[in-house]
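Down below is the structure, laid out as structure tokens.
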Amino acid sequence: MAASELDALLERFYEPEHPELGSGPLPVEPFVSAEYFELEKQHIFSDAWMLACHEAELPEPGDFLIKDVPLFHSSVILVRGTDRQIRAFHNACRHRGNKVLCTQGYGSTKALFCRFHGWTYALDGRLRGVPESDRFPGLDKQRLGLEPYTMEMWNGLVFINPARRPAKGLREYLGGLADALDPYPFSSMAPLSHHSATLRTNWKVGTNAFQEAYHVPTVHAVGAPKIFTSRLVAFRFHGPHRSMTLPISPNMSMFPVHVLSSTLTSGMSQNAIDPTRAGHFPGTNPCNVPNFSFDINVVFPGTFIDVGDGYFFTYEFWPIAVDRTHFIFKSYALPARTWGQRIGQELSIIFLREGVAEDLSTLESTQEGLETGALRSMVLSDQEIAIRHQHVVVEKAIGR
């Protein structure tokens with residue numbers, strides 16, 4: 001595609017191509033109604049595959065991550081065993097239910113030890129030690145291993161599901177989105193950054209802010225002026241999931257720190273590792289959009305996997321209540337081979353973090369505005385078609 005083709009993409013209207021998504025205002029009710037949220041809990045999140053981590057976050061046997069699923073009051077242990085397999089367990093001792101690991105986040109251990117009465121589990125979940133075991137009549141250790149939590153992996157990414165028997169396996173659930181992203185070398189990437197926040201906002205207010213670029217000239221006027229276009233292009237819908245591409249502005253201007261970062265790392269791209277490599281990363285920019293920056297990929301309901309040349313970043317939206325959401329942002333990139341590349345990656349981490357912070361700055365005030373009751377509906381532009389798609393998918397899922 002030439003620059004003129006980018007202009008054509010930027011001027012293109014997408015709603016006429018998807019009449020099934022409608023073009024009228026969207027109701028405010030789904031963002032503020034506790035009854036609506038309860039339907040989402042029952043019909044969406046009770047059997048949804050949600051991103052938990054990248055396998056590289058648990059590199060060695062004994063490395064673990066405690067992952068909370070607040071909507072279902074669940075605590076999940078993700079741990080790499082001595083056989084180097086990653087497994088997921090309910091973080092509840094089979095004796096009387098105390099959390100086996102009471103820490104938060106990441107750690108490393110040789111065994112899973114309950115501090116209440118000392119029951120000890122191997123890294124594969126088997127019950128190995130029970131103090132005063134002779135006092136338990138008919139104790140069968142083989143039956144009292146940690147309860148598995150539903151987990152599957154795809155391309156180095158670990159997903160969990162609260163359903164004991166999901167309606168679909170992970171690969172089938174991802175469908176056409178996985179087909180498009182299968183070539184991307186997720187397993188070659190290393191973790192760079194990890195940030196999180198609990199926000200007083202509905203989970204859809206959160207996801208909506210990250211699947212449109214209409215806000216770029218205003219929200220990012222300080223952190224990224226004139227770097228990206230204000231329009232997403234090449235919308236692709238994969239069942240309940242969706243993808244779109246954000247181009248770099250033809251009139252791009254950058255701060256010195258952005259110039260330094262891109263000079264040192266080529267935008268954290270493969271060119272920084274192999275300067276002779278031409279073209280984009282496999283699994284990116286399937287529509288050959290000029291001025292490619294990155295692709296936004298939304299795994300319904302609340303996971304973003306945004307991929308670029310040599311780096312990707314993820315957003316996780318974990319609902320807590322109708323007006324509360326836990327948000328996690330992580331970034332990954334090809335391992336740096338020089339100190340210059342490493343410095344460039346650190347600068348890129350700052351750039352990404354500040355951009356995400358700008359995005360988050362609108363969420364709670366949006367929720368407050370919706371809760372005033374002043375609006376019964378919202379008017380969307382053609383550029384917000386991904387929000388329309390999400391609304392239709394949610395309505396269908398809850399049987400509306």
* To do: Please specify each residue of the stretch 360-383 satisfying the condition of being surrounded by 20 or more Cβ atoms within 10 Å (Cβ to Cβ) and under 20 Å from the mean Cα position of the chain (by Cα).
  => 363
* To do: Output the residue which, of all residues in the stretch 231-249 that are under 21 Å from the mean Cα position of the chain (by Cα), outside any loop (DSSP other than H, G, I, E, B) and aliphatic (A, V, I, L, M), is nearest to residue 291 (Cα to Cα).
  => 246
* Asked: Is it the case that some residue within the stretch 98-116 is surrounded by fewer than 19 Cβ atoms within 10 Å (Cβ to Cβ), in contact with an Asp or Glu (Cβ under 6 Å, 6 or more places away or on another chain) and not β-branched (Val, Ile, Thr)?
  -> yes
* To do: Go through (1) assigned to a helix (DSSP H, G or I); (2) surrounded by fewer than 17 Cβ atoms within 10 Å (Cβ to Cβ); (3) in contact with a strand residue (DSSP E or B) (Cβ under 6 Å, 6 or more places away or on another chain); (4) not hydroxyl-bearing (Ser, Thr, Tyr) one by one and return the number of the condition residue 335 breaks.
  => (1)
* Asked: So, of the residues in the stretch 34-72 that are of a type in the set (Asp, Glu) and surrounded by 15 or more Cβ atoms within 10 Å (Cβ to Cβ), which turns out to be nearest to residue 171 (Cα to Cα)?
  -> 47
* Residue, surrounded by the most Cβ atoms within 10 Å (Cβ to Cβ), within the stretch 279-297, restricted to residues that are free of Cβ contacts under 8 Å to residues at least 60 places away in the same chain and of a type outside the set (A, V, I, L, M, F, W, C) -> 295
* Condition met for residue 325 (of a type in the set (Val, Ile, Thr), closer than 19 Å to residue 44 by Cβ and at pLDDT 90 or above) -> yes
* **Residue that is farthest from residue 328 (Cα to Cα) [pool: residues in the stretch 189-233 that are hydroxyl-bearing (Ser, Thr, Tyr) and buried (at least 19 other Cβ atoms within 10 Å of the Cβ)]** => 229
* Could you list, in sequence order, the residues of the stretch 182-230 that are in contact (Cβ under 8 Å) with a residue 24 or more places away in the chain, under 22 Å from residue 292 (Cβ atoms), touching a strand residue (DSSP E or B) at 6+ places or on another chain (Cβ under 8 Å) and not hydroxyl-bearing (Ser, Thr, Tyr)? -> 186, 189, 192, 210, 211, 213, 220, 227, 228
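The values are calculated or read from the model by the stated rules, or taken from the named source; none is laboratory data. Worth saying up front: this structure is predicted, and the values here are computed from it rather than measured. Backbone-built Cβ (ideal geometry, glycine too); neighbour counts: all protein chains shown.
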